[in-house]
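See structure below.
A short reminder: the numbers here are calculations on the coordinates, not readings from a lab. Nothing here was measured: the structure is a model prediction, and the numbers come from that model. Cβ coordinates were reconstructed from backbone atoms using ideal geometry, including for glycine residues, and neighbour counts include every protein chain displayed.
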Amino acid sequence: MIITGGSIITDQGPTRADVHFEGSRITDIIAPGELAGSSEIIDAGGLLVLPGGIDAHTHFGMPLGNGISSLGWRESSEAALLGGTTTIIDFANPAVGEPLPQAVARWRDMADGNILCDYGLHTTVTDVSADRLAEIPALVQKGIATFKGFLAYKGRLMLDPREMKLLMEAVRKSGAMLLVHAEDGEMNAAAEETLLNTGRTGPNWHPLAHPDESEEKAVAEVLALAEETGCPLTIVHMSLAGSLKLLKNARVNRDDNSILVGEVCLHHLFADSGLYKAGHGAALAAICSPPLRTAGNCADLLAGLVNGDLDFLSTDHCEFSLAAKSAAAAGGFPRVPNGCGGVGERMVVSHTLAVATGKMTLARWIETCCRRPAELMGLKDRKGQLAPGFDADIVLFDPTAEYRWEPLGSSDRAGSLWTGLPVTGRVRDVWLRGRQVVAGGKLTLDQPGGEFLPRHL
Ligand code: URP
Ligand code: ZN
Ligand code: ZN
C-alpha cells in the first residue's frame, strides 16, 4: 500500500513524501509518486500523515474498591483509535498482598480480547517487602520496563521516603524505570481533614486538599532520591510551574535527559482550576489528582513542553461517568473517584490549542505525542515514527477541519472536560500494524485486535 500526496511529519517538520507499507510494517518513505502504479494507492492529498499516537499513561477499566470502574478496555480503546492513538500504556495495580506477576496476568486477562489498540503495562508497587521487590527482575525480562510508586494517597497507595528509596534501588538494579506520582500524601491528608472538619465537603474543595506545596515537596524529594539511588525516573502528571523548575534544576549538569523525565497530561495543559468554581457538575468532572491548576501554570507547562523541559504528552485517561462521580460525591469529595478522560482528545485538542495557535511546531507535536513516549518507554524500535521497519501505525489527519468537539466512541462521556470545545483538526483514517481500523472517522473493526507489547529500555 502507498499513502501518497500527504505531508509526513518528521523531526525536520512537514515533508512531501509517500509512505509505503506491506503487511504490518512500513517498508519505505519515498519521493512522491515514485512507486505509483505498483501498489494500492491511498490518496492523502491535503492531509498530514502522522505516526500513530502513543499515550504512555492510561487507566482503562480500572476496578475500584467501591465497585465503580473507569470506562472499560473496549470503550476506551475505541476512543483512542478514533482519536489517532494506536498504542497506550496502562497500569497493572496489585491488590493488597497480591504478587506483582499475578496483577500483570489479571490486567492482561482484562485487556486481551477486549482492547482495540496495542498496549503495554506499567506495574504499580505499593508494597516494598522483599518478596514483592524480588519479583521485579523477572517482570522486566517479560517486557514490563516501568513501575509506578506513589508519594500520594496516604493509607492506600502511599510509600514513605524510606520505602520509595527501596523501590528505586530495586528498579535501578533491574534496569527498569520508576514512574512517580509526586504529591505529599501527609500534606494532602492534613489539608483534607481540615476541610472536612470545617464542613467543606463539596467537589469545589478538592483542589484545596492538593496544595501546590505538596506537589513541590514531593517532586523535590523524589528528585533527590533519584540522585541518591541512580534510579531512572519519570515524574508523571506534572502540574505546576514550580515542579517544572525543580526538574529543570535537577537536570543541570546532566547530559542524559532520559534519566530524569517529565510527563505532562492534556488536562494540566488546557483545562484550569476555574472549573472547580463553575458549578457542581463541572467541579465533579474536574476531580483528578493532581488537580487542575491555575491558567498561569497551564501556560508555563505548555511552554515547557514546547522548549523540551517537559518530555512528552500523555492523558492519565481515567474517566468515570458523571453519574458515578455524582453518586460518590454524596459522601464528600474524598469519595469521588479521581480521574479525567482524554485518550480520544489528546491529538486533536493539542493540535488545536498548541499547534494551530502557533505555539508548537508540527515536528515538536509529533515528537511529544509519538516519538519521545515510545523511545522513553521502551518501544523505540517499533512505535512512534514513520520509518522503514516500524509498525505501520499511521494516521491521516486533516489540519483544517473546524468544528465543536464531541466525545468519541460509544460510551457515556457526560463527564468529559472537552465537549463543545471549538477544535481545529480531525482524524480521518487510521492503520494499526497495516490494518485499517478507522476510515472516514468511523471504526472499521469487527474484532478487537490490540496486542500486548513487551517493552525493553
Ligand atoms: O486522578 C487520577 N490521576 N487518577 C488516576 C490515578 C493516578 O494517580 O494516576
Ligand atoms: Zn498518579
Ligand atoms: Zn494515572
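Compute the separation of the alpha-carbon centres of region 240-275 and region 192-236 and state it in Å as a whole number.
14 Å
Could you state, as a whole-number percent, how many of the C-alpha pairs of region 367-417 are farther apart than 13 Å? If you can, show how the numbers build up before the last one.
Values: 890 of 1275 pairs.
Looking at region 367-417, the distances longer than 13 Å represent 70 percent of pairs.
Rounded to the nearest 500, what is the 222 nm mean residue ellipticity of the chain from helices alone, with -39500 (n - 2.57) per DSSP H run of 4+ residues and division by all residues?
Numbers: 15 runs with 134 residues, N = 457.
Helices in the chain give a 222 nm mean residue ellipticity of -8500 deg cm²/dmol.
How would you classify region 8-128 from its alpha-carbon gyration tensor, with a ≥ b ≥ c the square roots of the eigenvalues: rounded for a/c under 1.5, else prolate if a/b is greater than b/c, otherwise oblate? Intermediate values should be presented prior to the final figure.
Values: a/c = 2.97, a/b = 2.81, b/c = 1.06.
Prolate shape, in that a/c is at least 1.5 and a/b is the bigger ratio.
If one takes the longest principal axis of the Cα atoms in the chain, at what angle in degrees, from 0 to 90 and to the nearest 10, does the Cα axis of helix 185-197 lie?
70 degrees
Under the Karplus relation 6.51 cos²θ - 1.76 cosθ + 1.60, θ = phi - 60°, what is the ordered set of whole-Hz ³J(HN,Hα) values for region 234-242, x standing for Gly and Pro?
Listing the rounded values in order: 10, 8, 8, 5, 5, 10, 10, 4, x Hz.
Compute for region 191-286: radius of gyration divided by Kirkwood radius, i.e. Rg/Rh, restricted to C-alpha atoms, rounded to two decimals. All intermediate terms of the calculation are to be shown ahead of the outcome.
Values: Rg = 16.2 Å, Rh = 15.2 Å.
Result: Rg/Rh = 1.07.
With angles folded into 0 to 90 degrees, how steeply does helix 212-229 sit against the dominant principal axis of the chain? Use alpha carbons for both and round to 10.
Helix 212-229 sits roughly 80 degrees off the main axis of the chain.
From the P(r) of the chain, can you give the percent of Cα pairs sitting at distances over 44 Å? Kindly include the intermediate steps, with their values, before the conclusion.
Numbers: 8184 of 104196 pairs.
Taking all Cα-Cα pairs of the chain, the fraction more than 44 Å apart is 8 percent.
In degrees from 0 to 90, rounded to the nearest 10, what is the angle of the helix 100-111 Cα long axis to the longest principal axis of the chain?
50 degrees
Which lysines does Lys142 reach when only Cα atoms under 29 Å apart count, and residues fewer than 8 places away in its own chain are ignored?
Lys165, Lys173, Lys380, Lys383
Report the calculated FRET efficiency for Asp43 and His280 (r = Cβ-Cβ distance, R0 = 51 Å), to the nearest 0.05. Write down the numbers at each step before the final one.
Values: r = 48 Å, r/R0 = 0.95.
It comes to 0.60.
Taking H as built 1.01 Å from N, whose amide H comes closer than 5 Å to the amide H of His237, not counting residues under 5 places away?
Glu263
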